[in-house]
Amino acid sequence: MKQANGDKCIKLKLKVWRQKTQGSKGRFESFKAENISKDMSFLEMLDVVNEKIILSGKPPIAFDHDCREGICGSCGAMVNGRAHGPEKGTTLCQLHMRHFSDGDTVVIEPWRSRAFKVVKDLVVDRSALDKIIQAGGYVSVNTGGVPDGNAIPVPQEIAEKAMDAAECIGCGACAAACPNASVMLFTGAKISQFALLPQGHPEAKKRVLAMVGKMDQLGFGNCTNEKECAAECPKEISIINIARMNREFLKSGLFS
Amino acid sequence: MKLDSKIPDGPLSEKWDRHRFELKLVNPANKKKFKILVVGTGLAGASTSATLAELGYEVETFCIQDSPRRAHSISAQGGINAAKNYQNDGDSIWRLFYDTIKGGDFRSREANVYRLAQVSNNIIDQCVAQGVPFAREYSGMLANRSFGGAQVSRTFYARGQTGQQLLLGAYGALSRQIAAGKVKLFTRRDMLDLVVIDGKARGIIVRNLVSGDLEKYSADAVVLATGGYGNVFYLSTNAMASNVSAAFASYKKGAFFANPCFTQIHPTCIPVKGTYQSKLTLMSESLRNDGRVWVPKTPGDKRLPGQISESERDYYLENKYPGFGNLVPRDVASRNAKNQCDMDKGVGDTQLAVYLDFEDAIKRSGQDVIGKKYGNLFKMYEKITADNPYETPMKIYPAVHYTMGGLWVDYNLMSTIPGLFVLGEANFSDHGSNRLGASALMQGLADGYFIIPYTIGSYLAEAPLGKIDEDHKEFSLSSLEVETRIKKLISIEGGRTVDSFHRELGRILWEYCGMSRNNSGLKKAKKLIRDLRVEYWENVLVGGSEKDFNQSLERAWRVADFLEFGELMVIDALERQESCGGHFNEKYQTDTHEALRDDKHFCHVSAGEFRGDNRKPKFHKEPLTFENVKLTQRSYK
Ligand SMILES: Cc1cc2nc3c(=O)[nH]c(=O)nc-3n(C[C@H](O)[C@H](O)[C@H](O)COP(=O)(O)OP(=O)(O)OC[C@H]3O[C@@H](n4cnc5c(N)ncnc54)[C@H](O)[C@@H]3O)c2cc1C
Ligand code: FES
């Protein structure tokens, strides 16, 4: 097997947020990342750095990750001030080092959002997102006793639009990127998916009220149309979903 | 101990109905008195938790990730099978059953597979009702695609993210039960031991991955839905946290481990690039609907693909298997790719790759149509390799993907420990020695939505279960053992990182217990693994402390188990002196290099029993009887 060779390798200076526990005070720590192949993913670069840190007897940089395929939504950090780094429509695990240049300084911080507390280093607590779903992000059917899959036709265009919304991976980048710490893109995407599909209609009103209410209660901010969320979303979920959520909210009759 | 599969009597097509009728029911008012622990929130675990809670049981659910939605199932791409026959192309429950039995090279139980095919249709209905946005035709009807090992189109899909959408459906159902207070959810928890009291599974010991504390949970039954062990190979398409530890701890407590050597190497993955590589990325099998696999005819031909003319290309799958072409089952496709590379026909820098070419499909249907079907996969491929598959063929190579082996379970999905049920990829049940594409999602959801609610009820209704709680001495003993092992790992303070051991273990298994195996290699592997394990316990460097969020320690625990489990795989591979499906022993092959079974001696499930550290496990045999299908040499010509 061919090894990462010289001309394809770069050197970087990392400034990484280190924080021992939720309550403790954090600070930046510098590391040299050497002999980094351009074919590596960002997380593989961190693996290489961590191996060295472990061998030197120090605690490695903690970061969440699992699928490394851009679908589980575990990974994520602010890289040079951008959620998931500089590449559009890309999670951190799918960001490759060919997008960096030799000698770059790379600043890596956890999601900054008042609803996400730091657990350790780059790891944050995103259980607030689960709570929003628990408030109503589902169709209330029990197992069994449902009609045949083809009983209710769903026009292809509608199914495609619902799928566009359903692609959200729940990583929290939208809230981290938003100056108001709003998570409306996440919530809007789920509400849109069900607002579009016939299966979601019976509970539409209840759902939007419950999910929006929960979002406010958890301390997420309001949308003032900065559009940072959609710009940084690794799945390029459209801002249309926020508009659709707002329409659903109005339709729910609260203001009518 | 004789393995009793508890397969019901009667004709194949009536077994499940009859069994459901015969199973005992729990009085609705009594259900809330039973507590069930569900470990895992993938398709199998999430569907189980939701369904049991809907029925009224008290459920506590555990997962490693920070959210149940992030379980490994989320990354399944291609689709889920069902025998709906919406295409009117000749599909039926019988055909799905037959394809799955044959695809598994006749090493699974007829009754289980038939039941799976039966409930497959309910799964699609359930998921549609949950609002899963499956692909649709212009008519508004559900769309299908084709997968390997079948000549009908029965795979339902949601773009290239079917697992994500199905899991989010199950996660929604689970979330609803959490909101209703019926399920208590524990995230960032790692199950490190099973607690067995009076011969029955009664609880678990988990490590809180944030605080490092060990926690005890007691219950009336335990459901393991902890996924497969593909990561024993280090490099695989599995998520990084996928592990064997929960299953292996149960094995050490008396659950038999069935067919550990049955592992699936998937033919279409992005080839390995460098030693730093942490995982391999699958390119869904659905791509073989439209992509054509080829290599240059001349060995050592290093020209770029565009410079190699049609007549100089060998579309080896289409030529060798005209009946199924590019859609032969995975084991067959993988072995053939390896053979081509062994003949020096491999392509790309490393020459460990073959082409998967979409040129003809794009010419035929247009870039738009192909983009709509596979856009996200093409994008992912380009991100990783910096090559554009619309313009140049993909380079692919086989990679470890799925494990057919798993804890032995009977027809009720119960292991050899009463009260311990095992679901999804963690059990061995339905795929024999090779799983067909789009059938793991089907199995996980079948187990969780439609099988466990019946069978666990019957167990609870019948078993006299005394009241116990976490103060029982077995919990303290178990917890103490776990603590001792953790402390030991941390105290070694050697000179090699956990990952470096894991990588080496992976190399050994890939070389000697991978796509192609032989007896001398397997014997060698056994020794190498033992030596590596000895070194591990003397020279591993974990770092940090146990009362902390310590990811190196998490991995250290898992690798310690992989180092024991790897040996079990190799022993099983040595015991099975035949080839079948994904288990290919070079000594047993047909003239055309296909797997040659020995039905006379090996038509059985082999289930390993733990008999103490460093003692050889005892393998028990469950004979497989085929009353409805004829055992044949698999042919895909
Ligand atoms: C890239 C990829 C693509 C695939 N595509 C398809 C496809 O198109 N069609 C198809 O049918 N199949 C596909 N498969 C296979 C399929 O995805 C898996 O077999 C299936 O999802 C496994 O589901 P599961 O519920 O059994 O386990 P998993 O989804 O693996 O879930 C395991 C759960 O157990 C938890 N867990 C594990 N260990 C512990 C522990 N010690 N303590 C606590 N919790 C634990 C985890 O946190 C997780 O919640 C694919 C697999 C891969 C890798
Ligand atoms: S690790 Fe799963 S999205 Fe990045």
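The values are calculated or read from the model by the stated rules, or taken from the named source; none is laboratory data. These numbers come from a predicted model, not from an experiment. When we count neighbours, we look across all protein chains shown, and the Cβ atoms used for this are built from the backbone with ideal geometry, even at glycine.
Quick notes
- Where strands (runs of 3 or more DSSP E) sit wholly within the stretch B:145-216, none has at least 3 residues that are hydroxyl-bearing (Ser, Thr, Tyr).
- Residues that are touching a residue at least 60 places away in the same chain (Cβ under 8 Å) and of a type in the set (Phe, Trp, Tyr) were ranked within the stretch B:110-150; the one that is farthest from the other protein chains (Cβ to nearest Cβ) is B:Tyr114.
- Residues of the stretch B:153-187 that turn out to be surrounded by fewer than 23 Cβ atoms within 10 Å (Cβ to Cβ) and within 16 Å of ligand 2 (Cβ to nearest atom), as a count: 1
- Qualifying residue in the stretch A:178-192 (condition: within 8 Å of chain B (Cβ to nearest Cβ) and not aliphatic (A, V, I, L, M)): no
- Residue pairs whose Cβ atoms lie under 8 Å apart, separated by 6 or more positions or on different chains, with the first residue in the stretch B:185-201 and touching a residue at least 60 places away in the same chain (Cβ under 8 Å) and the second within 16 Å of ligand 2 (Cβ to nearest atom) and polar (S, T, N, Q), are B:Thr187/B:Gln65; B:Thr187/B:Ser67; B:Arg188/B:Gln65.
- Applying the criterion of at least 1 residues that are within 12 Å of another protein chain (Cβ to nearest Cβ) and surrounded by 22 or more Cβ atoms within 10 Å (Cβ to Cβ) to the strands (runs of 3 or more DSSP E) found wholly in the stretch A:65-133 leaves A:117-120, A:123-125.
- Some residue of the stretch B:421-433 being small (Gly, Ala, Ser), surrounded by 24 or more Cβ atoms within 10 Å (Cβ to Cβ), assigned to a helix (DSSP H, G or I) and under 28 Å from the mean Cα position of the chain (by Cα): yes
- Scanning the stretch B:46-62 turns up no residue that is within 16 Å of ligand 2 (Cβ to nearest atom), in contact (Cβ under 8 Å) with a residue 60 or more places away in the chain, among the hydroxyl-bearing types (Ser, Thr, Tyr) and within 14 Å of chain A (Cβ to nearest Cβ).
- Any hit, the stretch A:155-168, residues being in contact with an Asp or Glu (Cβ under 8 Å, 6 or more places away or on another chain), farther than 22 Å from B:Ser175 by Cβ, within 10 Å of chain B (Cβ to nearest Cβ) and free of Cβ contacts under 8 Å to residues at least 60 places away in the same chain: yes
- Criterion violated by B:Gly227 - all others in (1) closer than 28 Å to A:Lys131 by Cβ; (2) surrounded by fewer than 24 Cβ atoms within 10 Å (Cβ to Cβ) satisfied: (2)
- Within the stretch B:215-234, being within 16 Å of ligand 2 (Cβ to nearest atom) and over 16 Å from B:Ala44 (Cβ atoms) holds for one residue alone: B:Asn231.
- Residue check for B:Leu192: more than 11 Å from chain A (Cβ to nearest Cβ), within 30 Å of B:Lys487 (Cα to Cα) and aliphatic (A, V, I, L, M): yes
- Among (1) part of a helix (DSSP H, G or I); (2) not assigned by TED's automatic domain parsing to the domain that holds B:Glu567, the one test that B:His601 misses: (2)
- Flag for B:Ala353 being out of contact with any Asp or Glu (no Cβ under 7 Å at 6 or more places or on another chain), within 30 Å of A:Glu51 (Cβ to Cβ), crowded, with 20+ Cβ neighbours inside 10 Å and of a type in the set (Gly, Ala, Ser): yes
- Filtering B:Lys279, B:Lys273 for residues that are more than 14 Å from the chain's Cα centre (by Cα), assigned to a loop (DSSP other than H, G, I, E, B) and within 12 Å of ligand 1 (Cβ to nearest atom) leaves a single hit, B:Lys279.
- Taken together, the criteria exclude B:Leu287 from residues that are at pLDDT 95 or above and of a type in the set (A, V, I, L, M, F, W, C).
- For the condition farther than 23 Å from B:Met414 by Cβ, surrounded by 24 or more Cβ atoms within 10 Å (Cβ to Cβ) and not aliphatic (A, V, I, L, M), B:Thr237 qualifies.
- Enumeration of residues in the stretch A:35-67 that are away from ligand 2 (no atom under 16 Å from the Cβ) and in contact (Cβ under 8 Å) with a residue 24 or more places away in the chain: A:Asn35, A:Ile36, A:Ser37, A:Lys38, A:Asp39, A:Val49
- Residues in the stretch B:74-95 that are away from ligand 1 (no atom under 16 Å from the Cβ) and assigned to a loop (DSSP other than H, G, I, E, B): B:Asn85, B:Tyr86, B:Gln87, B:Asn88, B:Asp89, B:Gly90, B:Asp91, B:Ser92.
- Qualifying residue in the stretch B:253-270 (condition: closer than 27 Å to B:Asp331 by Cβ, within 14 Å of ligand 1 (Cβ to nearest atom) and in a helix (DSSP H, G or I)): no
- Reported count of residues in the stretch B:536-570, each being farther than 30 Å from A:Val119 by Cβ and either more than 20 Å from the chain's Cα centre (by Cα) or of a type in the set (Ser, Thr, Tyr) (or both), is 3.
- In the stretch B:530-559, the qualifying residues are those that are in a helix (DSSP H, G or I) and among the aliphatic types (A, V, I, L, M), and the one that is surrounded by the fewest Cβ atoms within 10 Å (Cβ to Cβ) is B:Val534.
- Cβ-Cβ under 6 Å pairs, at least 6 apart or on other chains, the stretch B:155-175 side not assigned by TED's automatic domain parsing to the domain that holds B:Lys379, far side assigned to a helix (DSSP H, G or I) and of a type in the set (D, E, K, R): B:Tyr171/B:Arg69
- Pairs where the first residue, in the stretch A:244-256, is under 11 Å from A:Lys206 (Cα atoms) and the second is at pLDDT below 90 and surrounded by 12 or more Cβ atoms within 10 Å (Cβ to Cβ), C-beta under 7 Å, 6+ apart: none
- Residue identified as polar (S, T, N, Q), assigned by TED's automatic domain parsing to the domain that holds A:Ala165 and surrounded by 16 or more Cβ atoms within 10 Å (Cβ to Cβ) among A:Gln199, A:Gln217: A:Gln199
- Subset of the stretch B:25-72 (residues that are surrounded by fewer than 24 Cβ atoms within 10 Å (Cβ to Cβ) and in a helix (DSSP H, G or I)): B:Pro28, B:Ala29, B:Asn30, B:Lys31, B:Glu54, B:Leu55
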